[in-house]
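Trainee: Take a look at this one; I'll ask things after.
The values are calculated or read from the model by the stated rules, or taken from the named source; none is laboratory data. The model shown is predicted, which means the values in this text are computed figures rather than measured ones. We place every Cβ from the backbone using ideal geometry, glycine too, and count neighbours over all the protein chains shown. Keep in mind that these areas ignore ligands, DNA and RNA; they rest on the heavy atoms of the full protein, side chains included. Shrake-Rupley method; radii C 1.70, N 1.55, O 1.52, S 1.80 Å.
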Protein chains: 2
Amino acid sequence: MTMQTSTPTSHESWRLIAQQLRVDSIRASSTAGSGHPTSAMSAADLMAVLLAKYFRYDFAAPKNPHNDHLIFSKGHASPLLYAMYRAAGAISDEELLTYRKRGSRLEGHPTPALPWVDVATGSLGQGLPIGVGVALAGKRLDRLPYRVWVLTGDSELAEGSMWEAFEHAAFEHLDNLTAVLDINRLGQRGETMHGWDLDYFATRLRAVGWHAIEIDGHDIAQIDAAFAEATATVGQPTAVIARTIKGMGVASVADKNGFHGKALEDADAAIRELGGRPNVTVTVSKPADDRPPQHFSVQQPLGLPRYQRGTKEATRKAYGEALAALGTARGDVVVLDGEVSNSTYADIFAKQKPDRYIEMYIAEQQMAAAAVGMQVRWKPFASTFAAFWSRAYDFIRMAAVSRANICLCGSHAGVSIGEDGPSQMALEDLAAFRAVWSSTVLYPCDANQTAKLVERMADRDGIVYLRTTREKTPIIYDPDDEFLIGGSRVLRQSGADAVTIVAAGITVHEALTAADTLAHDGIAARVVDLYSVKPIDSATLRAAARDTAGFVTVEDHWPEGGLGEAVLSVFANEELRPRVVKLAVRAMPGSATPAEQLAAAGIDAAAIVEAARALAVHAPKEAPWSIGNRPG
Amino acid sequence: MTMQTSTPTSHESWRLIAQQLRVDSIRASSTAGSGHPTSAMSAADLMAVLLAKYFRYDFAAPKNPHNDHLIFSKGHASPLLYAMYRAAGAISDEELLTYRKRGSRLEGHPTPALPWVDVATGSLGQGLPIGVGVALAGKRLDRLPYRVWVLTGDSELAEGSMWEAFEHAAFEHLDNLTAVLDINRLGQRGETMHGWDLDYFATRLRAVGWHAIEIDGHDIAQIDAAFAEATATVGQPTAVIARTIKGMGVASVADKNGFHGKALEDADAAIRELGGRPNVTVTVSKPADDRPPQHFSVQQPLGLPRYQRGTKEATRKAYGEALAALGTARGDVVVLDGEVSNSTYADIFAKQKPDRYIEMYIAEQQMAAAAVGMQVRWKPFASTFAAFWSRAYDFIRMAAVSRANICLCGSHAGVSIGEDGPSQMALEDLAAFRAVWSSTVLYPCDANQTAKLVERMADRDGIVYLRTTREKTPIIYDPDDEFLIGGSRVLRQSGADAVTIVAAGITVHEALTAADTLAHDGIAARVVDLYSVKPIDSATLRAAARDTAGFVTVEDHWPEGGLGEAVLSVFANEELRPRVVKLAVRAMPGSATPAEQLAAAGIDAAAIVEAARALAVHAPKEAPWSIGNRPG
């Protein structure tokens, strides 16, 4: 049942490619015993024409900056993508049949385990926003004529993030972006909201500013014409809105509900019905352009801002100033912000380097996605209030699956913002970011430390998060002090510390005040500035456990998953497991001044003093560091 | 500078009300020294007309089911809302001036600390989706003619969640919903994407299916006519798109950038410019209707599903079956799902009780918001894949600020889903949900336990999260076993247990297998099923710490913020702090079978055995429960 043909150049041969993509999608998923063949079959004609005629890609050189980009926003159609790779000669038929098996690069949903996959998809509604990021990079950063092709499902058009993407793409005039909308009418459990009402989508997209073309997604000539029109459209992105049939080509599943995410029961019969098993190889056109990508001029060496000890400055201000300095020294740094750049201080960079600043307005999902899209060749720093990163949590989770390297800054963390109240307070961000694979979580307490950490962030892989504070805080470090990721600073230490206070960010200053008060009482307290919450400086904490009776951890955060639990995890399986008194925010705050908030939450100097005294008073009676003796 | 007027009935007197709302917004924020007066001033005319003529509300009886609902999606305009309450006689002038002070109900952004506020806002883009939930409740559940009025900003129209809301409202024909769009052109740091292009918004909204009216938002007659048209529009929601001026009425700030979120510098001059300080009281019309809200008939007693010990069933299936049973016994239970009801098994309820099932399609933010909107009088259960609740994390965080009582179910948790790969695996949900104020986190291991917990969820306040598993798991409990929130089950216990294994959900079965293997080696292991991750059964864990050498915690989750750290927090400041070996997922998974995934992650029976052996071997040498003796 195999046929050999030469590289197809006609519509007829493209139909054959499409059938092969269907057959291979069925073969891969049936061999795996799972997957989404019917979701692949609806888009096979669209992707066959794309691969055969419009896609410019050098499969031998996936890092070629001139390559087009293809993102399957409907990541569950992965067998179609892998069938395309097979057709392009990038993977063997043998590898195709490893789909969904342990150790295979061909995962259930695409990931960058494959060199031709830019970003992971599978959480619907993310591929298009990420594609907007790639297209933005093409227009504004690389300034190269590569195109971005995004295949979307129709169910995912209910995700608001898609409409953030549609709006931004039009606003930025991304005519290098084509969205191919596979309107196959059926979602996972039944019909979508709008079924085959292509006019609905076209009207909405035109209202947003897109060029919209409605076609029969199984008519090769219409597809060809639509892609030609898309590539010729100037000044606006194009959506090819294709009416398709889910499971197209196999009558037992075509346009039928109940077959989402299931391998076909009789693959051989389905392949026969599709006309057998072609064996076509497509010679994909390589990009013609060889101009070098845009490089932004830089001035070395890096001149980080310097703050004088004893003065005060907000760490968010230091973030902005350090970022601007970093951008002067590094041409790869680009900055995004969610319409709060005058609060996060990303606006300092924006004013100095408008070419490399991209305003994302209040669309945190699109902002996170754009950062993921840009990080393939650039170093994005994105900022908003720390609380509002929770809006993009699924995107951050998926960025880790994409093995993305992005730097995120969250300002206005914790109750210490004061009067604005709980809606603006991040109190769960440390927990949320710690629980992201590949993450780094930094929380500086002074401006010099912040500046140094901003420099470090740029060279750190993974999801790198910096938490900044609204209020001005005392400068306690020298501008020349160095701060490594994974480090900490012992700010107070004597030969005979009774307790260790572990703090970060705003609470470091409370801890220092507390230590002064305790010293007056004759209680020596070691103070550790744990600015690197993840990775954590286990060695310094272990040393403190050996030397002191117990720990007070103090964080402007809910008690779960933050600083306190990070410290506890260090000692979980250690010989020496110190007593840890966890001070954290426990009641829902309202409005109040920053000082009132810290006091009400029980995370101010007075609360630390009280907790430390309890630990120290405890000590003489039964040596609190010698705990855990089994009763009896 | 005060004037007295009677209840106004004319446009002229409504203008006076509007000026009073401006003046009071200025007074409140200037007294506080912070707040967003200019954002209040743009919408003052709109809200004056609403309050004087269209709003039906009994301020003395905020729980009256016939009351209209007013939601400030632009929550930062809170001084305007409070000024309205003052004008309506609901709060005193004295209380108005407590704005943003510690202990005041008048927080920086509105919260239900005030009885007339349904839900907290302040994270932009949430008020409208929540309003859709309230309007859905009005149409489909209460079946009462109350109206929902939502005041939105223009910056927040960039949030995708707003477009989820617009789409759902049109799809559900919510003609009881009016969105008042305050298009004042200026965001926090500059102009919005579309400035005063009202046509842009009108075109987009009409494309989605809304009735859209463009007006001058400072022309009282136009506002009056638009609201009249909104209330008369049948079959579709109405958007009143109002061109307004930020800071309207005070020349030094009107339509000027740089005055967002700042109290006016010279409040007295501004009040003079506005014509002085009126003292108008508005008699707000009470709702005329007194029909009882819809009640759904029920059949008592509750007949939860029963599963036979020794058989297998998926906990997600038990969730669906128990939910359907609960819905039969309780008329207040309503169910929402994000287009995956055939996977979460919410479809069992949907088929039996279509009147109380609302399909939310793939729009998790709108789903969470709808649950928040409905929970004022109903008991919503909402479900999707656990991984995709991360999409709505900001909404869940804000639901806690709203003091909302909602039940959320996340299915397909962890690596044990198998072949679909990491995009579909929730591996951070325990951390994320634990770090939500007021949250309960449940993770059952068998179907009978799941059914009992579903029953308990309905009576639990706060954000109640249930994590379910894709795979069928052995039934190990009797159908009559009871499971309290905050409890646990000791599944294996001898007089001389060497180690305690703490597991939940899928890992309970691995723990039991491990205990069998260990028993063959002569190592007795206590096994605790910690199905209630938050609140946690400290007493049982403390008892285990007294009796055994150490703990192995095992979770299908990243190491941060989940089961292991929850256990560590129990012992943080206890006398007895056992050694805890934390088994969790540490490497990014790919595709593989469920069993392969558990093994690769090091959270299967073999891994538990190995960890337990290490603890037990360790024991005789130096009594691992007698840890922490200080060196020297």
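Trainee: Determine which member of the set A:Arg542, A:Arg586, A:Arg613 is within 13 Å of chain B (Cβ to nearest Cβ), in contact with a Leu (Cβ under 9 Å, 6 or more places away or on another chain), at negative phi and surrounded by fewer than 24 Cβ atoms within 10 Å (Cβ to Cβ).
Mentor: A:Arg542
Trainee: Return the total of residues in the range A:465-496 being open to solvent by less than 10 Å² (accessible area, probe 1.4 Å) and under 20 Å from A:Gly414 (Cβ atoms).
Mentor: Residues in the range A:465-496 being open to solvent by less than 10 Å² (accessible area, probe 1.4 Å) and under 20 Å from A:Gly414 (Cβ atoms): 7 in total.
Trainee: Being more than 11 Å from the chain's Cα centre (by Cα), closer than 26 Å to B:Val528 by Cβ and of a type in the set (Val, Ile, Thr) is true for just one of B:Ile417, B:Ile348, B:Ile358. Which residue is that?
Mentor: That would be B:Ile417, the only listed residue that is more than 11 Å from the chain's Cα centre (by Cα), closer than 26 Å to B:Val528 by Cβ and of a type in the set (Val, Ile, Thr).
Trainee: Looking at (1) more than 9 Å from every other protein chain (Cβ to nearest Cβ); (2) buried (at least 19 other Cβ atoms within 10 Å of the Cβ); (3) farther than 20 Å from B:Asp289 by Cβ, find the lone condition where B:Ser104 falls short.
Mentor: (1)
Trainee: Further question: Here is a list: A:Gly550, A:Gly561. Which entry is open to solvent by less than 10 Å² (accessible area, probe 1.4 Å) and either closer than 18 Å to A:Ala504 by Cβ or not small (Gly, Ala, Ser) (or both)?
Mentor: Checking each option against the conditions leaves just A:Gly561.
Trainee: Which members of the range A:110-129 meet the condition of being within 13 Å of chain B (Cβ to nearest Cβ) and either open to solvent by 10 Å² or more (accessible area, probe 1.4 Å) or in a helix (DSSP H, G or I) (or both)?
Mentor: Of everything in the range A:110-129, those that are within 13 Å of chain B (Cβ to nearest Cβ) and either open to solvent by 10 Å² or more (accessible area, probe 1.4 Å) or in a helix (DSSP H, G or I) (or both) turn out to be A:Pro112, A:Ala113, A:Val117, A:Leu124, A:Gly127, A:Leu128, A:Pro129.
Trainee: Could you list, in sequence order, the residues of the range A:234-282 that are open to solvent by less than 20 Å² (accessible area, probe 1.4 Å) and among the hydroxyl-bearing types (Ser, Thr, Tyr)?
Mentor: A:Thr238, A:Thr244
Trainee: Could I ask something else about it? For the list (1) open to solvent by 10 Å² or more (accessible area, probe 1.4 Å); (2) within 14 Å of another protein chain (Cβ to nearest Cβ), I need the number of the one condition that B:Asn405 fails.
Mentor: Only one criterion is unmet by B:Asn405, namely (2).
Trainee: Still on this structure, please answer the following. Among the residues of the range B:87-109, how many are over 28 Å from B:Leu144 (Cβ atoms) and not in a loop (DSSP other than H, G, I, E, B)?
Mentor: So the answer is 4.
Trainee: When you scan the range B:150-173, do you find a residue that is touching a residue at least 60 places away in the same chain (Cβ under 8 Å) and more than 27 Å from the chain's Cα centre (by Cα), even just one?
Mentor: No: the range B:150-173 contains no residue that is touching a residue at least 60 places away in the same chain (Cβ under 8 Å) and more than 27 Å from the chain's Cα centre (by Cα).
Residues checked against (1) hydrophobic (A, V, I, L, M, F, W, C); (2) more than 19 Å from B:Tyr465 (Cα to Cα); (3) free of Cβ contacts under 8 Å to residues at least 12 places away in the same chain:
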{"residue": "B:Gly310", "(1), (2), (3)": "no, yes, no"}
{"residue": "B:Ala324", "(1), (2), (3)": "yes, no, no"}
{"residue": "B:Asp337", "(1), (2), (3)": "no, no, no"}
{"residue": "B:Val372", "(1), (2), (3)": "yes, no, no"}
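Trainee: Here's something else I'd like to know. Can you list residue pairs whose Cβ atoms sit under 6 Å apart, with the first residue in the range B:68-97 being open to solvent by 10 Å² or more (accessible area, probe 1.4 Å) and the second being in a helix (DSSP H, G or I) and of a type in the set (Asp, Glu)? Count only pairs 6 or more apart in sequence or on different chains.
Mentor: Taking only residues 6 or more apart or on different chains, the pairs are B:Arg86/B:Asp24.
Trainee: For A:Ala572, indicate whether it is among the aliphatic types (A, V, I, L, M), open to solvent by less than 10 Å² (accessible area, probe 1.4 Å), without any contact (Cβ under 8 Å) to a residue 40 or more places away in the chain and within 11 Å of another protein chain (Cβ to nearest Cβ).
Mentor: So A:Ala572 fits the description; yes.
Trainee: While we're here: Out of A:Leu46, A:Leu70, A:Leu106, A:Leu50, I need the residue that is closer than 30 Å to A:Met360 by Cβ and within 23 Å of the chain's Cα centre (by Cα). Which one?
Mentor: A:Leu70
Trainee: Test of understanding: among A:Gly462, A:Gly414, which residue is open to solvent by less than 10 Å² (accessible area, probe 1.4 Å) and under 27 Å from A:Thr593 (Cα atoms)?
Mentor: So the residue among A:Gly462, A:Gly414 that is open to solvent by less than 10 Å² (accessible area, probe 1.4 Å) and under 27 Å from A:Thr593 (Cα atoms) is A:Gly414.
Trainee: Out of (1) within 10 Å of chain B (Cβ to nearest Cβ); (2) of a type in the set (Lys, Arg); (3) surrounded by fewer than 24 Cβ atoms within 10 Å (Cβ to Cβ), what's the single condition that is false for A:Arg391?
Mentor: All conditions are met except number (3).
Trainee: Also, I was wondering about something else. Out of B:Val454, B:Val508, B:Val502, B:Val436, which single residue is under 21 Å from B:Phe395 (Cα atoms), open to solvent by less than 30 Å² (accessible area, probe 1.4 Å) and β-branched (Val, Ile, Thr)?
Mentor: B:Val436
Trainee: Report, ordered by the first and then the second residue, all pairs with beta carbons closer than 9 Å, sequence separation of six or more or different chains, a first member in the range B:179-197 that is away from chain A (no Cβ under 12 Å), and a second member that is open to solvent by less than 20 Å² (accessible area, probe 1.4 Å) and at pLDDT below 95.
Mentor: none
Trainee: Further, regarding this structure: Output the number of residues of the range A:98-137 satisfying the condition of being in contact (Cβ under 8 Å) with a residue 60 or more places away in the chain and over 18 Å from A:Ala368 (Cβ atoms).
Mentor: Going through the range A:98-137 one residue at a time, the tally reaches 5.
Trainee: Follow-up. Output the residues belonging to the range A:50-95 that are in contact with a Leu (Cβ under 7 Å, 6 or more places away or on another chain) and away from chain B (no Cβ under 14 Å).
Mentor: Correct list: A:Phe55, A:Pro65, A:His66, A:Leu80, A:Ala83, A:Met84, A:Arg86, A:Ala87, A:Ala88.
Trainee: Can you name the number of the only condition in (1) touching a strand residue (DSSP E or B) at 6+ places or on another chain (Cβ under 9 Å); (2) facing another protein chain (nearest Cβ under 7 Å) that B:Arg140 fails?
Mentor: With respect to (1) touching a strand residue (DSSP E or B) at 6+ places or on another chain (Cβ under 9 Å); (2) facing another protein chain (nearest Cβ under 7 Å), B:Arg140 is out only on (2).
Trainee: Exactly one condition in (1) within 12 Å of another protein chain (Cβ to nearest Cβ); (2) at pLDDT below 95 is false for A:Arg377; which is it?
Mentor: Among (1) within 12 Å of another protein chain (Cβ to nearest Cβ); (2) at pLDDT below 95, the lone unmet condition for A:Arg377 is (1).
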